[in-house]
Amino acid sequence: MTNDGDFANKVTHPAKHVYKVYRVTIRPSINEEQITQMCVGMMIDGRKTAPAEVRVIQRQEGRCVLEIILREGRNRQIRKMCEQLGIEVARLKRTAIGQVKLGMLQPGKWRELSQDEVRRLTAEPNTTVR
């Protein structure tokens with residue numbers, strides 16, 4: 001949440017390539033071919049997505065937890081990618097934008113960003129993960 005429209009655009013607009021990290025719980029699981037499709041890019045709404053980074057965090061019977069890093073972040077992109085691959089998204093949570101991590105911030109709470117965090121988010125290019 002911000003009252004600075006220019007800052008919000010710099011951080012959220014797909015053309016700026018600020019990476020966003022998501023923790024995604026899917027059902028039932030994912031195979032290497034599906035991961036590869038996400039990693040090379042997929043056709044969504046008539047346009048190919050930028051490559052995503054996908055890492056399996058945990059596999060359990062009937063579900064799998066992934067970390068997905070997007071540099072584009074189109075509307076509902078992860079859900080659309082999974083749907084196209086026949087995967088159900090059970091839970092989706094953004095855990096970081098650029099190097100700013102959600103951490104233990106509770107739902108409905110907020111905090112001010114430090115000047116260093118703002119500087120890092122708006123620096124060009126913003127491509128370093130972690």
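The values are calculated or read from the model by the stated rules, or taken from the named source; none is laboratory data. Computed from a prediction, not measured in an experiment: that's the story for all the values here. FYI the Cβ positions are ideal-geometry reconstructions off the backbone, even for glycines, and counts take in every protein chain you see.
Couple of notes before you dig in:
- So residue 12, is it within 28 Å of residue 109 (Cβ to Cβ) and either out of contact with any helix residue (DSSP H, G or I) (no Cβ under 7 Å at 6 or more places or on another chain) or buried (at least 16 other Cβ atoms within 10 Å of the Cβ) (or both): yes
- Cβ pairs under 9 Å, 6+ apart, first in region 107-125 and in a loop (DSSP other than H, G, I, E, B), second at pLDDT below 85 and loosely packed, with under 10 Cβ neighbours inside 10 Å: 110/1
- Counting only residues that are more than 12 Å from residue 64 (Cβ to Cβ) and without any contact (Cβ under 8 Å) to a residue 60 or more places away in the chain, region 8-47 holds 18 of them.
- Search result, residues across region 24-44 that are in contact with a strand residue (DSSP E or B) (Cβ under 6 Å, 6 or more places away or on another chain), among the aliphatic types (A, V, I, L, M) and more than 12 Å from residue 62 (Cβ to Cβ): 24, 30, 35, 38
- Residue 71 meets the conditions (1) in contact with an Asp or Glu (Cβ under 9 Å, 6 or more places away or on another chain); (2) farther than 24 Å from residue 98 by Cα in every case but one. The failed one is (2).
- Just so you know, in region 1-43 the residues that are within 20 Å of residue 90 (Cα to Cα) and part of a strand (DSSP E or B) include one that is modelled with the lowest pLDDT, and it is 20.
- Candidates are the residues of region 66-91 that are in contact (Cβ under 8 Å) with a residue 60 or more places away in the chain and surrounded by fewer than 16 Cβ atoms within 10 Å (Cβ to Cβ); the one that is nearest to residue 27 (Cα to Cα) is 88.
- Index of the failed condition, residue 54 passing every other in (1) in contact (Cβ under 8 Å) with a residue 60 or more places away in the chain; (2) touching a strand residue (DSSP E or B) at 6+ places or on another chain (Cβ under 6 Å); (3) closer than 21 Å to residue 98 by Cα; (4) not small (Gly, Ala, Ser): (1)
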